[in-house]
């Protein structure tokens, strides 16, 4: 009976819409214009209200999560050997996710992207408390993970629940969930504009959903203000060193973009290798947590404790010009891969910042450049490359480090994004563009299913360079064809 009533109500709603459109077509041109503006105005006001509500809810939830995480981390830091609890923590985190909310597995944002593309934004509301608890258990015990993924998943979960409450259709549900992603990112890092852009850019590699820009901006700004009002503090570091523009320095910026793009590729490959290694171990999932925790304990005892947890102290020291060990960015990749693939729960962006800041510092040391400047550029470039979000990363450089560094950071971010190729730390991203005409890949394909193929055009610059290399090596094209 309920389904019949719902069907009858939907038919009446559609019939009313058809009558309204027919009435519009019969009106004079000026009346049509006014009617169109009225419809758009109503739509704008609708999404202003909805985005404000989602921003306030997600901002409050994010603030609660961040405060709990801070209190828990301060408590465990009083114990010198707190990281010895890693196997138990990973076991508990994996078991909690497996039994109560399997969608909470991994690094958060990836699952929200998957839900938007494959389930029209439907997310089990149980993900919210499970992800919160599992992430706190992981990070406070020393697991190498971030805090933005849980906030994006918490934001997406709350938005999906709100959409279900209001019986939204699939299109509006997805828009609301994207607002939740933006609000979570904005509230966790204190970057409302970059957070809003991240939410609409991270879904597709090479495209932005313009129809969600307004509600994403509103939800991001609202979430940031609410979290700040609850006492959440944020990190900002003004970069005052700005070199005089020169051709030589511009070449170094371009080179930095290439290097950071290759670092992004390396991070993606290390995360993938950890996933394959974990899948090759055919045992009960929580028991893998014991193995992962033991591996991290071994790395910590043999190398250093700085690769545990969020690693914010190392990031800040790199941005202040201090020089980390040359292998710091590699070790952080390894510990993050072990954490996320062996039962730990958390985000990926904070480890990306760690890898970028330390890699940028090493790059600056090799070329005798300012280490603080390139640590900042490295941070945003790794996000641009590994997450395929160059616009959000460029805006993030302004919000975190000031406008003086923005021109250099933006150029390097776009290059890093291109150099990374058709890869991502978020395998559920959809490919929206080909990053080179000589690489054939199916646009609209999910990232993890993409199979790029090289198809070099005969008259392209790439073909010319290859022919030049062949001549330098003394191998003629006819010889290669004969072989």
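Restricting attention to segment 156-175, does a residue exist that is in contact with a strand residue (DSSP E or B) (Cβ under 8 Å, 6 or more places away or on another chain), assigned by TED's automatic domain parsing to the domain that holds residue 103 and more than 23 Å from residue 45 (Cα to Cα)?
Among the residues of segment 156-175, not one is in contact with a strand residue (DSSP E or B) (Cβ under 8 Å, 6 or more places away or on another chain), assigned by TED's automatic domain parsing to the domain that holds residue 103 and more than 23 Å from residue 45 (Cα to Cα), which makes the answer no.
Residues are listed down the side, and each one gets a yes or a no for (1) assigned to a loop (DSSP other than H, G, I, E, B); (2) surrounded by 24 or more Cβ atoms within 10 Å (Cβ to Cβ); (3) touching a strand residue (DSSP E or B) at 6+ places or on another chain (Cβ under 8 Å):
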residue	(1), (2), (3)
365	no, no, no
382	no, yes, no
397	no, yes, no
435	yes, no, no
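Mind checking whether some residue in segment 143-158 is over 20 Å from residue 348 (Cα atoms) and either free of Cβ contacts under 8 Å to residues at least 24 places away in the same chain or more than 18 Å from the chain's Cα centre (by Cα) (or both)?
Yes, segment 143-158 contains a residue that is over 20 Å from residue 348 (Cα atoms) and either free of Cβ contacts under 8 Å to residues at least 24 places away in the same chain or more than 18 Å from the chain's Cα centre (by Cα) (or both).
Would you mind finding the one in 149, 161, 142 that is buried (at least 24 other Cβ atoms within 10 Å of the Cβ) and modelled with pLDDT of 90 or more?
Answer to the check: 142.
Kindly evaluate residue 113 against the criterion of being buried (at least 23 other Cβ atoms within 10 Å of the Cβ) and part of a loop (DSSP other than H, G, I, E, B).
Here the answer is no, as residue 113 does not meet what is asked.
Please determine, by comparing only the residues of segment 324-334 that are touching a helix residue (DSSP H, G or I) at 6+ places or on another chain (Cβ under 6 Å) and surrounded by 15 or more Cβ atoms within 10 Å (Cβ to Cβ), which one is nearest to residue 82 (Cα to Cα).
So the residue we want is 332.
Taking residue 129 as meeting all but one of (1) part of a helix (DSSP H, G or I); (2) free of Cβ contacts under 8 Å to residues at least 12 places away in the same chain; (3) over 19 Å from residue 343 (Cα atoms), write down the number of the exception.
Residue 129 satisfies every listed condition except (3).
Picking from 297, 268, which residue would you name as being part of a helix (DSSP H, G or I), more than 29 Å from residue 113 (Cα to Cα) and not assigned by TED's automatic domain parsing to the domain that holds residue 148?
Step by step, each of 297, 268 is checked, and only 297 is part of a helix (DSSP H, G or I), more than 29 Å from residue 113 (Cα to Cα) and not assigned by TED's automatic domain parsing to the domain that holds residue 148.
So is residue 471 at pLDDT 80 or above, surrounded by fewer than 15 Cβ atoms within 10 Å (Cβ to Cβ) and more than 27 Å from residue 378 (Cα to Cα) or not?
Spelling it out, residue 471 is indeed at pLDDT 80 or above, surrounded by fewer than 15 Cβ atoms within 10 Å (Cβ to Cβ) and more than 27 Å from residue 378 (Cα to Cα).
Which of (1) within 30 Å of residue 81 (Cβ to Cβ); (2) in a loop (DSSP other than H, G, I, E, B) does residue 150 not meet, given it meets every other one?
All conditions are met except number (2).
Answer yes or no as to whether residue 351 is touching a strand residue (DSSP E or B) at 6+ places or on another chain (Cβ under 7 Å), part of a helix (DSSP H, G or I) and modelled with pLDDT of 90 or more.
Yes, satisfied.
Take the conditions surrounded by 24 or more Cβ atoms within 10 Å (Cβ to Cβ), more than 24 Å from residue 304 (Cβ to Cβ) and at pLDDT below 95 and apply them to residue 440. Does it pass?
So residue 440 fails the test.
Select from segment 165-178 the residues that are under 16 Å from residue 124 (Cα atoms) and touching a residue at least 12 places away in the same chain (Cβ under 8 Å) and list them in ascending order.
170, 173, 174, 176, 177, 178
The values are calculated or read from the model by the stated rules, or taken from the named source; none is laboratory data. As the structure is a computational prediction, the values presented were derived from the model and not from experiment. Please note: Cβ atoms are built from the backbone with ideal geometry, for glycine as well, and neighbour counts cover all protein chains shown.
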